[in-house]
Amino acid sequence: MWLRLRVLLVNLQGIYPPIGLGYLASSLEAASIPVEILDCGGMGYTRSQLLDIVARAISAEAPNLVGVGCYTPQVDLVEVVARRVKAVKGDSTVVLGGPHPTMDPLGSMNILGVDIAVVGEGEQTMVEVARALEDGNDLSGIEGIVYREDGRVVQNPDRRPMDDLDEIPFPAYHLFPSFKLSLEIDAHGVMTRRHPYMPIITSRGCPFGCIYCHKVHGKSFRARSPENVIEEMELLYHKYLVREFHVEDDCFNLDPERAKRFADLVVESGLNIALKFPNGLRADRIDEELIVKLKRAGTYSISLGVETASPRVMKMIGKSLDLQRVRDSVRLALKHGLQVRGFFMIGFPGETKDDIRQTIGFAQNLGIHFASFSVATPFPGTELQRIARDNGYIGERRPSQLPYANPMIETADFSLEEIKEFKRRAEEDFYSKPERVSELSNMTFSRGELVDYYSSPLLDYYHLLLLEHFSTYGSVSTYYVREDEYSKS
């Protein structure tokens, strides 16, 4: 049996360009497999509109394989989409990928309409699945998938993460909608220095053992060569006129010498760009030389993942971060004129109210421009979930009921309402300091496109200051016009 295969990759939500699907698409194209991307993120569709758009695309494209990316809070939405795909084209194979199936592969097979779940990195896996479907072969030899066979669920061995990331083709940017190639608004913080911008991934994996974190790319750190990254940036700069890059690595500066080499190559390339590191650098891998090089390369903003100011909690959650190194890194960044955001997390099992107050006070006095206070969330497959469940701190809930911002863990030390109030007061107190309000009010912002804040209420009080005109979290547009040195370029 031989099947003429057509693949449709679907992004349901999210303002960021779907880089993960872009990598899948480019890998499929390299294998001569026809593929299209349906990117619905950031358009503010209602669920009914979204289902209609997916149905029309299935009717028009008639794909044999439909790949859908999935974060845990999207599980219910993914299920109704998968069922609609099956209703329109019953013989299509629906493949689920992304963080949720990686962390909960067997549970993902309970999502109605899903035929295959991809575990971990999907570039090679999707090509092999597509080839098997095209040639009429079974799936038993494909690593990194869970699937149904004769009414039972089969989980194949995990796939080893790719060692040479330079071998992966650049994302298929030509398949992205024009909206995603002209973005002015940053999904992390509603602020960009230049536009359009594009997120890039320069490495995968993180060797640290934080109990709350995913394992999509595994624990082995693998990095693209700086030369390979620059080549992609030059493509985006010259062909798609991208003028700002957001480095989204989980651990970009694990190897400080590589990070410095990257910064040097940006300067040598002559690219007139802005750089931002919104996903959190390791504060204990920063020195002044790195800060100076990043600044020279165009960096204007970095984020640091701190989480807690309690050494006891720091050890308990596996973060292994020296708080003095955090202070030193912030001092160096501020010395050289960088904006700094700190990420903090409260509500861990075993954490006390005094620990939480210590973290909030640390953030208040650190000297950073922005702070995000999130709530420890027991996502499927994490050590945090196991601890919380074994101790009776959470009940049984559907994955879609796990939020990003609302508390789910309740212990003898704190209630859900107390954690919610700690978070609210932390954000309000941090951003209501007169000197900070004055500093933020003097910043300029880019004019926004439509944004889909699907994941949670806006992440911090800073967002509320910017978006005070809006009363709901659906499609919003900002009214801040950029007036910086780049506005004429």
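Does residue 168 fit the bill of being at pLDDT 95 or above, among the aliphatic types (A, V, I, L, M), over 30 Å from residue 109 (Cβ atoms) and touching a Phe, Trp or Tyr at 6+ places or on another chain (Cβ under 7 Å)? Explain how you work it out, then say what you get.
Details: at pLDDT 95 or above: yes; among the aliphatic types (A, V, I, L, M): yes; over 30 Å from residue 109 (Cβ atoms): no; touching a Phe, Trp or Tyr at 6+ places or on another chain (Cβ under 7 Å): yes.
Criteria not met by residue 168.
Tell me, please, whether a residue that is under 18 Å from residue 231 (Cα atoms), aromatic (Phe, Trp, Tyr) and touching a residue at least 60 places away in the same chain (Cβ under 8 Å) can be found in the stretch 253-262.
Within the stretch 253-262 (the criterion being under 18 Å from residue 231 (Cα atoms), aromatic (Phe, Trp, Tyr) and touching a residue at least 60 places away in the same chain (Cβ under 8 Å)), the answer is yes, since at least one residue qualifies.
When the residues of the stretch 219-229 are filtered to those that are under 18 Å from residue 198 (Cα atoms) and touching a residue at least 40 places away in the same chain (Cβ under 8 Å), which remaining residue is surrounded by the fewest Cβ atoms within 10 Å (Cβ to Cβ)?
228
Within the stretch 21-50, which residues are within 10 Å of residue 172 (Cα to Cα) and in contact with a Gly (Cβ under 7 Å, 6 or more places away or on another chain)?
21, 24
Here is a list of conditions, (1) under 24 Å from the mean Cα position of the chain (by Cα); (2) more than 30 Å from residue 298 (Cα to Cα); (3) touching a residue at least 40 places away in the same chain (Cβ under 8 Å), and residue 385 meets all of them except one; can you say which number that is?
Just one mismatch for residue 385, condition (3).
Of all residues in the stretch 323-342, count the ones that are surrounded by fewer than 19 Cβ atoms within 10 Å (Cβ to Cβ) and within 20 Å of residue 357 (Cα to Cα).
Number of matching residues: 3.
Taking the options 158, 150, name whichever one is touching a residue at least 24 places away in the same chain (Cβ under 8 Å) and more than 30 Å from residue 300 (Cβ to Cβ).
Details: 150 fails: touching a residue at least 24 places away in the same chain (Cβ under 8 Å).
One residue alone meets the criteria, 158.
Being touching a Phe, Trp or Tyr at 6+ places or on another chain (Cβ under 8 Å), under 27 Å from residue 97 (Cα atoms) and modelled with pLDDT of 95 or more is the filter here, so list the residues in the stretch 212-234 that pass it.
Within the stretch 212-234, 229, 232, 233 meet the criteria.
Need at least 2 residues that are touching a strand residue (DSSP E or B) at 6+ places or on another chain (Cβ under 7 Å) per element, so show me which helices (runs of 4 or more DSSP H) inside the stretch 270-369 make the cut, counting only ones lying wholly within it. Reasoning before the result, please.
Details: elements: 288-296, 311-316, 323-335, 353-364.
So the answer is 323-335, 353-364.
Looking at the stretch 239-269 only, could you name the residues that are part of a loop (DSSP other than H, G, I, E, B), surrounded by fewer than 18 Cβ atoms within 10 Å (Cβ to Cβ) and among the charged types (D, E, K, R)? If you could, list the steps in order and put the result at the bottom.
Of all residues in the stretch 239-269, those part of a loop (DSSP other than H, G, I, E, B) come to 240-243, 248-251, 255.
Adding the requirement that they be surrounded by fewer than 18 Cβ atoms within 10 Å (Cβ to Cβ) leaves 240-241, 255.
The one that is part of a loop (DSSP other than H, G, I, E, B), surrounded by fewer than 18 Cβ atoms within 10 Å (Cβ to Cβ) and among the charged types (D, E, K, R): 255.
Out of the residues in the stretch 71-92 meeting the condition of being more than 19 Å from the chain's Cα centre (by Cα) and surrounded by 23 or more Cβ atoms within 10 Å (Cβ to Cβ), tell me which one is nearest to residue 14 (Cα to Cα).
It comes out as 81.
In the stretch 100-124, which residues are among the β-branched types (Val, Ile, Thr), within 13 Å of residue 159 (Cα to Cα) and in contact with an Asp or Glu (Cβ under 7 Å, 6 or more places away or on another chain)? Please lay out each step first, then the result.
Filtering the stretch 100-124 for residues among the β-branched types (Val, Ile, Thr) gives 102, 111, 114, 116, 118-119.
From what is left, the residues that are within 13 Å of residue 159 (Cα to Cα) are 102, 118-119.
Within the stretch 100-124, just 119 meets the criteria.
Tally up the residues in the stretch 201-215 that are surrounded by fewer than 20 Cβ atoms within 10 Å (Cβ to Cβ) and more than 25 Å from residue 377 (Cα to Cα), please.
Residues that pass the stated criteria total 0.
Quick check on my filter: what residues within the stretch 110-131 are over 17 Å from residue 8 (Cα atoms) and surrounded by 20 or more Cβ atoms within 10 Å (Cβ to Cβ)?
111, 119, 120, 121
Tally the residues that are of a type in the set (Gly, Ala, Ser) and surrounded by fewer than 19 Cβ atoms within 10 Å (Cβ to Cβ), restricting the search to the stretch 36-70. Spell out how you get there, then give the answer.
As a first pass, look at the stretch 36-70 and keep what is of a type in the set (Gly, Ala, Ser): 41-42, 44, 48, 55, 57, 59-60, 62, 67, 69.
This time we only want the ones that are surrounded by fewer than 19 Cβ atoms within 10 Å (Cβ to Cβ), so: 44, 48, 55, 59-60, 62.
Adding up the residues that qualify gives 6.
Could you check residue 165 against (1) in contact with a strand residue (DSSP E or B) (Cβ under 8 Å, 6 or more places away or on another chain); (2) in the same structural domain as residue 12 (by TED's automatic domain parsing) and say which number it fails?
Here residue 165 meets the rest and fails (2).
The values are calculated or read from the model by the stated rules, or taken from the named source; none is laboratory data. These numbers come from a predicted model, not from an experiment. Reconstructed Cβ throughout: ideal geometry from the backbone, glycine too, with neighbour counts over all protein chains shown.
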